[in-house]
Amino acid sequence: MLGLGIAALVAGVLLSNETDTPPGPAPSAALDSTPTRVEVRAAAVLPSRSEHASRPAAAPRVPAPIIDEVTVEKREVCSGEDNLISVRAHSPDGDDTHLHTTIGAGSGMRVPLRVWRMADGTYELPTVTVFGKDNVATQVRVPRYTVKDCEPERQVDIFSRRAPNTEEEFEFLARILERPRAGSAGPTPFAPVKFVWTFDDRHIVSTSAPRVTHSLRPDPMRPAALYSQHLVKVEAFDASGRKVAGRSSLQLLDTTFENFAKKGIVTVLAVGSPRFPSEDAQGVVRQTFRLSHRWKRPVRLERVTALRSLIPEADAPPLPEDTAEVSLGVDLLPVGQDLEVPVTLDTRAEASVTHVTYLIEGTTEDGHPARGTFSIMRPPPRPTRENSTPVLDPVLLAKVKRARELLGQPFVTDEDLWRLEREGRFSDLKVQREGP
């Protein structure tokens, strides 16, 4: 199923100030041994949440996960420099599929943690919390390490969001932050010309711009789980070969696993191409959807229903959807293979239809219900003077003009402006607002 929402921006990991131990620099005893791996075992269970308190008394207690090891990448870092914290954990009942972790304000089994020294030289290391089934959790502290009285000359933040009209495509943006120093002219300017992105330690992509799009589809070679874990790294290089790097972690909910774990339903996925189709000269919208699933047995399609949503007349109540059974030309979805299904919407022949939603119903070879849905939509009309509101704000108008030049398009969308804003493409615009 298509994910239509926009994921929140994800930047480096910021430190939570919540702590139950006195703040202060790492004790010297923590530096007496050389290993960077610290083994931690814990059996502390967080208090039950309100939904757990309502369980019948006879319900069996879900076992809390056991934290086997918390690994600290570096024993010493500067203030604000990231330090990769890695966690290994397991569930006593052998079912590790629900495990997920937070480390301070970051989420994931590997989190690049940033800790800042206070003005008095103290600092706080946050808590590692590992959740199991029903969110029963175990907590331990991040093992002590030293945060020195220094700061990186510059650092890289990685922002990310789910691309619109997709489920697994994510957009990443690297932003380099220079850290001015009191009483100095500041660091030597850094103008990157190349960005090397590494996803999950194995997929490498090079770009000349500080952005990239990458699929974070769960690894088919790993057992299915409620969350998939991802670590993203970017290295920015300038023309002289100088380098600065940054990392970010993502812990993504797998809705297909959740649907089966909670409802017993196998999800039929549909990915549309192009993501934003347009009408051709005859007024026909064409889009191809790749149908797939992640179950271990084939899925047989038994019924496909097309729901046509109609445009209501002015001041009239919404019209009921027009439904009909249709055929997509596909009867069986095999394991590990996508099948392409083309669909069309004739906006002239069906002038009252806003979009058509296809509801897919089927059964797996081993008897589980399978469900999925996707929609083809009438694109919004192209902007004209008659159907548009004039842009009067001089700053916004300057951004629109700049965006049209950069993208080579006759018109631009809010999405285009938002992306170019993130990339800093408007930072040099100097526009004088008119006074009252």
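The values are calculated or read from the model by the stated rules, or taken from the named source; none is laboratory data. No experiment lies behind these values; they were computed from the predicted model shown. Every residue, glycine among them, receives a Cβ derived from its backbone with ideal geometry; neighbour counts consider all protein chains shown. Areas reflect the complete protein model, heavy atoms only, side chains present, ligands, DNA and RNA absent. Shrake-Rupley method; radii C 1.70, N 1.55, O 1.52, S 1.80 Å.
One residue is enough: does the range 354-377 have a residue meeting the conditions modelled with pLDDT under 90 and either on the phi < 0 side of the Ramachandran plot or assigned to a loop (DSSP other than H, G, I, E, B) (or both)? Checked the range 354-377: no residue is modelled with pLDDT under 90 and either on the phi < 0 side of the Ramachandran plot or assigned to a loop (DSSP other than H, G, I, E, B) (or both).
Rundown of residues vs (1) open to solvent by 80 Å² or more (accessible area, probe 1.4 Å); (2) in contact (Cβ under 8 Å) with a residue 60 or more places away in the chain, yes/no style:
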residue: ALA270; (1), (2): no, yes
residue: ARG275; (1), (2): yes, yes
residue: ASP280; (1), (2): no, no
residue: LEU328; (1), (2): no, no
residue: ASP331; (1), (2): yes, no
residue: ARG348; (1), (2): yes, yes
residue: ALA351; (1), (2): no, no
residue: GLY367; (1), (2): no, no
residue: PHE374; (1), (2): no, yes
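Scanning the range 130-177 for residues being more than 22 Å from SER79 (Cα to Cα), in a strand (DSSP E or B) and either of a type outside the set (Val, Ile, Thr) or open to solvent by less than 10 Å² (accessible area, probe 1.4 Å) (or both) gives a total of 13. Taking the conditions (1) more than 30 Å from ALA351 (Cα to Cα); (2) within 22 Å of the chain's Cα centre (by Cα); (3) open to solvent by less than 50 Å² (accessible area, probe 1.4 Å) in turn, LEU253 satisfies each one other than (3). In the range 78-87, the condition of being buried (at least 20 other Cβ atoms within 10 Å of the Cβ), more than 18 Å from THR138 (Cβ to Cβ) and not hydrophobic (A, V, I, L, M, F, W, C) is met by at least one residue. Which ones in the range 317-330 are more than 22 Å from SER273 (Cβ to Cβ) and not in a strand (DSSP E or B)? Residues satisfying the conditions are PRO317, PRO318, LEU319, PRO320, GLU321. Set side by side, the residues LEU406, LEU429 differ, and just one is farther than 21 Å from GLU279 by Cβ and in a helix (DSSP H, G or I), which is LEU406. In a residue-by-residue description of the range 279-302, the property of being touching a helix residue (DSSP H, G or I) at 6+ places or on another chain (Cβ under 6 Å) and basic (Lys, Arg) applies to at least one position. Candidates in the range 380-420 are the residues that are closer than 21 Å to VAL285 by Cα and among the hydroxyl-bearing types (Ser, Thr, Tyr); of these, the one that is surrounded by the fewest Cβ atoms within 10 Å (Cβ to Cβ) is THR384. VAL62 meets each of the listed conditions (1) more than 26 Å from the chain's Cα centre (by Cα); (2) surrounded by 16 or more Cβ atoms within 10 Å (Cβ to Cβ); (3) at pLDDT 95 or above apart from (3).
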